[in-house]
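Colleague: Sending over a structure as structure tokens; questions will come in a sec.
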Ligand code: NAP
């Protein structure tokens, strides 16, 4: 499992509390942290860096993932008129430099292209990766929200294996199970990272018919599994897929992070897995 830091700015923590949270999930064995340049309107990396700065030795205990290529309309970029994507050589290099400086680290363990860019020139991206590697600024590269063909295109120009495709997987939205994305990753033995496994909290409070159906089914399966909670059943459901997704936990509540880990001990039967599928789709399998 991975700890996500998208919502860090919402957690309203002091730097010391952020450091304590980080150390607490490291103690649980969750040592990979997921960031992006844009999180918290470009603020989350800085908040994380402030915490890390209180005890720089912690850097050696974690693997830092960050992302680039989304250009957000933001106070940080007053001349930008619309949100758009940018996978140009210049932007990728500048974005990584900004991330390193905000996080206060010398190197990213993994850099992901955050969203597919219609104007992506795969040769240019590979050149950027080569430069970043040459300067020791990034150890490994991957993508996020890429289709299999976009993944193939970039991989065709990059000599090393892309290390992941970070995609949305939760019981309300799991298109990647059926559109070839997870098939491709399983074939290549590359583990997906799974974002918003709890549908951003919608699993707990969503009022749509689909959310209510799924929630009832998750409750029932949790009972069958000896009193597992909804989130634990969901993580077990995500990890049950043979492409071996790595769930990214979005909670800033350490008790919830601790609870998530118990999902490793839950073994869903095939029938239980498909009951969640059926509850989500609202119809039986064909
Ligand atoms: P999530 O786990 O689906 O949602 C987290 C939200 O659910 C938090 O607000 C959390 O609140 C709430 N929650 C958790 N347990 C709950 C419970 N038992 N009852 C009520 N609410 C509960 O994850 P996410 O934050 O959407 O995404 C996880 C990570 O994935 C992000 O941090 C980011 O790193 C990554 N991500 C990547 C992309 C991408 O495009 N690559 C997109 C989105 C996210 P509390 O904090 O109060 O627990």
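Derivation of every value follows stated rules applied to the coordinates shown; laboratory data play no part. Source: prediction; values computed, not measured. Every residue, glycine as well, gets a Cβ built from its backbone with ideal geometry; the counts of neighbours run over all protein chains shown.
Colleague: So what is the relative contact order for the chain, in percent, with contacts set as C-alpha pairs under 8 Å and at least six apart?
Modeller: It comes to 16 percent, rounded to a whole number.
Colleague: Normalising by the residue count of segment 2-163, find the relative contact order in percent from Cα pairs under 8 Å and 6+ residues apart. Could you put the intermediate results ahead of the total?
Modeller: Values: 263 pairs, mean separation 31.4, N = 162.
Rounded, it is 19 percent for segment 2-163.
Colleague: To continue, here is another question. Just to be sure I understand: of the beta bridges DSSP finds with both ends in the chain, what percent are antiparallel, rounded to 5?
Modeller: Percent antiparallel among DSSP bridges in the chain is about 15.
Colleague: Continuing with this model, one more query. Counting each pair of different Cα atoms once, what's the Kirkwood radius of the chain in Å, rounded to one decimal?
Modeller: About 19.8 Å, per the Kirkwood formula over Cα pairs.
Colleague: Starting with the fewest neighbours, write out 13, 203 ranked by other beta-carbon atoms found within 10 Å of each beta-carbon.
Modeller: Starting with the residue having the fewest Cβ neighbours, the order is 13, 203.
Colleague: Hey, what number do you get for the chain at 222 nm if only DSSP H runs of n ≥ 4 count, each worth -39500 (n - 2.57), divided across all residues, to the nearest 500?
Modeller: Taking each H run of at least 4 residues, the total per residue is -13000 deg cm²/dmol.
Colleague: Now for a different question. Evaluate E = 1/(1 + (r/R0)^6) for residue 80 and residue 14, where r is the Cβ-Cβ distance and R0 equals 41 Å; express this FRET efficiency to the nearest 0.05.
Modeller: Step by step, r from the Cβ atoms, then E = 0.85.
Colleague: Between residue 173 and residue 152, what is the label-to-label distance in nm when each label sits 7 Å out along the Cα-to-Cβ direction?
Modeller: In this crude spin-label approximation the distance works out to 2.5 nm.
Colleague: Would you work out the Kirkwood radius for segment 172-286? I mean one over the mean of 1/r across all pairs of different Cα atoms, in Å.
Modeller: One over the average 1/r among Cα pairs gives 14.5 Å for segment 172-286.
Colleague: Enter the angle in degrees (range 0 to 90, nearest 10) between the Cα long axis of helix 270-281 and the first principal axis of the Cα atoms of the chain, meaning the one along which they spread out most.
Modeller: It works out to around 80 degrees.
Colleague: OK, next. Using 10 Å bins from zero, what percent of all Cα-Cα pairs in segment 2-163 falls into each bin?
Modeller: Once binned at 10 Å, the Cα pair distances of segment 2-163 give 10, 40, 33, 15, 1.
Colleague: When the Cα atoms of segment 141-224 are enclosed in a convex hull and the volume is divided per residue, what value in Å³ results?
Modeller: So the per-residue Cα hull volume is 104 Å³.
Colleague: Follow-up question, since we're still on this one. Report the antiparallel proportion of the DSSP beta bridges in segment 2-163 as a percent, rounded to a multiple of 5.
Modeller: Percent antiparallel among DSSP bridges in segment 2-163 is about 15.
Colleague: Ok, one more. So how far apart, in nm, are the two label points at residue 124 and residue 244 if each is 7 Å from Cα heading toward Cβ?
Modeller: Label-label distance for residue 124 and residue 244, simple model: 3.6 nm.
Colleague: If you line up the long axis of helix 148-157 against the longest principal axis of the chain, both from Cα atoms, how many degrees apart are they, to the nearest 10?
Modeller: With both axes taken from Cα atoms, the answer is about 30 degrees.
Colleague: Roughly how many whole Å is it from the C-alpha centroid of segment 192-247 to that of segment 7-43?
Modeller: Cα centroid of segment 192-247 versus Cα centroid of segment 7-43: 23 Å apart.
Colleague: Here's another thing I want to ask about it. Using a 10 Å cut-off on Cβ atoms, rank the peptides 61-67, 239-245 from the highest mean neighbour count down.
Modeller: 61-67, 239-245
Colleague: Would you kindly calculate the mean projected area, averaged across all directions, of the convex hull enclosing the Cα atoms of segment 111-252, in square nanometres?
Modeller: 10.1
Colleague: What is the angle, in °, between the Cα long axis of helix 209-224 and the longest principal axis of the Cα atoms in the chain? Nearest 10 is fine, range 0 to 90.
Modeller: 70
Colleague: Would you kindly state how much longer the chain becomes between residue 57 and residue 273 on full extension, computed as 0.36 nm times their sequence separation minus their alpha carbon distance, in nm to one decimal?
Modeller: 73.6 nm
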